[in-house]
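Scroll down for the structure; my scribbles are underneath it.
The values are calculated or read from the model by the stated rules, or taken from the named source; none is laboratory data. Note that the structure is predicted; figures quoted are calculated from it, not measured. Cβ placement follows ideal geometry from the backbone for every residue including glycine, while neighbour counts extend to all protein chains displayed.
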Amino acid sequence: MDIAVLILNWNGKELLKQFLPSVVKYSEQAALYVIDNDSTDGSVSFLKQHYPEIKIIKHAENLGYAGGYNQALKRIPENISVLLNSDVEVTENWLKPFLSIFEKFENVAAIQPKILDYRRKDYFEYAGAAGGFIDKFGYPYCRGRIFESLEKDVGQYDQEIPVFWASGACLVIRTEIFNKYGGLDEDFFAHQEEIDLCWRLHNKGYTIKFTPKSKVYHVGGATLQQLNPKKTFFNYRNSLYMLLKNLPIKDLYIILFARMILDGVAAVKFLFEGKLNHISAIFKAHLSFYRNFSVMKRKRKVLENSEKYYNATSVVYAHFIKRKSKFDQI
């Protein structure tokens, strides 16, 4: 079974300098690729000079996370693809557990490793932690991360289990399945497109897994900082896109309506915090959703297994009202 590690890069030469050494050192059985989204910081020259063994797929423009990977995965021969952020430090033998799972379970389409914080290495990291889930209103959360609350890793989630979504910071997926089901939705541009892809794969009957046997350290926020209004825009808009595309029709409109109300509550919270740019981002996210409603609705496919899409609780209620901050309390 062939495996490729693909790192998407846009003006990230300094990140490549910092994190490529661990990838090269511990990925000896993999083909290594850097996908360059038309960088202007000398990234490509740096790679050619210092890492001639790494294959470069260069795009003529910045295609975003989704477009950058979609075009690249159409061009590679390896049957397993690791979509790895450029700000991730990998560890010894990190690829072996993925290959073992794929060989053992034909129905597993994608896998995620344990993702820990590069700066606090005994804590889970925001983007994925120990596997992703989604609540009944479409809010994503993780084992080890509820909204901004991060847990310390003390082995509490060291079980290999099915999860709802695998993090785009380190998404390991069968290349054929990725391409067959349309890859990442390029209309998302950035944020939550991996959750949308995993949801579509669930709707086709596939399984997504988390394995604690592979461990990586993620810096996080390197592309768009957590408190960046642009990130707020993408998160709110893309979450609505995802609901429209994947919810069973009997739940669709009532949950969309509930989400609109909850987004309004979030805007009020931002108001009291003085984060006016984030209120504007939510408003723009909703306008963009309305403009593209018909486009997204046409993307709905036959939802073969759509009934099992969520945890029936509300993570918003559990976290902000009941003050629960750990996954096993939800």
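Every residue in the stretch 234-289 that is among the aromatic types (Phe, Trp, Tyr) and out of contact with any Leu (no Cβ under 7 Å at 6 or more places or on another chain), please.
First pass over the stretch 234-289, keeping only residues among the aromatic types (Phe, Trp, Tyr): 234, 236, 241, 253, 257, 270, 272, 283, 289.
The answer is PHE234, TYR236, TYR241, TYR253, PHE257, PHE270, PHE272, PHE283.
Looking only at the stretch 236-276, how many residues end up being more than 25 Å from the chain's Cα centre (by Cα) and not in a helix (DSSP H, G or I)?
So the count comes out to 3.
Is it the case, given these coordinates, that LEU32 is in the same structural domain as ASN107 (by TED's automatic domain parsing), surrounded by fewer than 22 Cβ atoms within 10 Å (Cβ to Cβ) and under 22 Å from the mean Cα position of the chain (by Cα)? I'd like the intermediate steps shown before the answer.
On the way: in the same structural domain as ASN107 (by TED's automatic domain parsing): yes; surrounded by fewer than 22 Cβ atoms within 10 Å (Cβ to Cβ): yes; under 22 Å from the mean Cα position of the chain (by Cα): yes.
Judged against the criteria, LEU32 is a match.
Hey, ASN246 hits all of (1) in contact with a Phe, Trp or Tyr (Cβ under 6 Å, 6 or more places away or on another chain); (2) at pLDDT 95 or above but one; which does it fall short on?
For ASN246, the failing item is (2).
Among the candidates GLU103, GLU92, single out the residue that is outside any loop (DSSP other than H, G, I, E, B), out of contact with any strand residue (DSSP E or B) (no Cβ under 9 Å at 6 or more places or on another chain) and assigned by TED's automatic domain parsing to the domain that holds TYR65.
GLU103
I need the full set of residues from the stretch 178-188 which are out of contact with any helix residue (DSSP H, G or I) (no Cβ under 7 Å at 6 or more places or on another chain) and either aliphatic (A, V, I, L, M) or part of a helix (DSSP H, G or I) (or both), in order please.
Once the filter is applied, which keeps residues that are out of contact with any helix residue (DSSP H, G or I) (no Cβ under 7 Å at 6 or more places or on another chain) and either aliphatic (A, V, I, L, M) or part of a helix (DSSP H, G or I) (or both), the stretch 178-188 yields only LYS180.
Looking at (1) among the polar types (S, T, N, Q); (2) closer than 17 Å to SER167 by Cβ; (3) surrounded by 23 or more Cβ atoms within 10 Å (Cβ to Cβ), find the lone condition where SER43 falls short.
Evaluating SER43 over (1) among the polar types (S, T, N, Q); (2) closer than 17 Å to SER167 by Cβ; (3) surrounded by 23 or more Cβ atoms within 10 Å (Cβ to Cβ) leaves (2) as the failure.
Filter the stretch 189-224 down to residues that are aromatic (Phe, Trp, Tyr), surrounded by fewer than 23 Cβ atoms within 10 Å (Cβ to Cβ) and not in a strand (DSSP E or B), then give me how many there are.
Qualifying residue count for the region: 2.
Yes or no, residue by residue, for (1) of a type outside the set (Phe, Trp, Tyr); (2) in contact (Cβ under 8 Å) with a residue 24 or more places away in the chain; (3) in a strand (DSSP E or B); (4) more than 18 Å from ASN203 (Cα to Cα):
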residue: LYS114; (1), (2), (3), (4): yes, yes, yes, yes
residue: LYS121; (1), (2), (3), (4): yes, yes, no, yes
residue: TYR126; (1), (2), (3), (4): no, yes, no, yes
residue: ILE134; (1), (2), (3), (4): yes, yes, yes, no
residue: GLY138; (1), (2), (3), (4): yes, yes, no, no
residue: GLN156; (1), (2), (3), (4): yes, yes, no, yes
residue: GLN159; (1), (2), (3), (4): yes, yes, no, yes
residue: PRO162; (1), (2), (3), (4): yes, yes, yes, no
residue: ILE173; (1), (2), (3), (4): yes, yes, yes, no
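Among the residues of the stretch 183-197, count how many are at pLDDT below 95 and either touching a strand residue (DSSP E or B) at 6+ places or on another chain (Cβ under 7 Å) or at positive phi (or both).
Total meeting the criteria: 3.
PHE98 versus (1) outside any helix (DSSP H, G or I); (2) closer than 22 Å to GLY144 by Cβ; (3) not basic (Lys, Arg): which is the lone unmet condition?
Against the list (1) outside any helix (DSSP H, G or I); (2) closer than 22 Å to GLY144 by Cβ; (3) not basic (Lys, Arg), PHE98 comes up short only on (1).
What are the pairs with Cβ atoms under 7 angstrom where one residue, in the stretch 44-57, is assigned to a helix (DSSP H, G or I) and the other, located anywhere, is surrounded by fewer than 17 Cβ atoms within 10 Å (Cβ to Cβ) and not aromatic (Phe, Trp, Tyr)? Sequence gap at least six, or different chains.
Correct list of pairs: VAL44/ILE56; VAL44/LYS58; LEU47/ILE56.
So if I check each of ILE173, ILE161, ILE177, ILE115, which one is of a type outside the set (D, E, K, R), in contact with a Cys (Cβ under 7 Å, 6 or more places away or on another chain) and in the same structural domain as SER22 (by TED's automatic domain parsing)?
Sole residue among the options that is of a type outside the set (D, E, K, R), in contact with a Cys (Cβ under 7 Å, 6 or more places away or on another chain) and in the same structural domain as SER22 (by TED's automatic domain parsing): ILE115.
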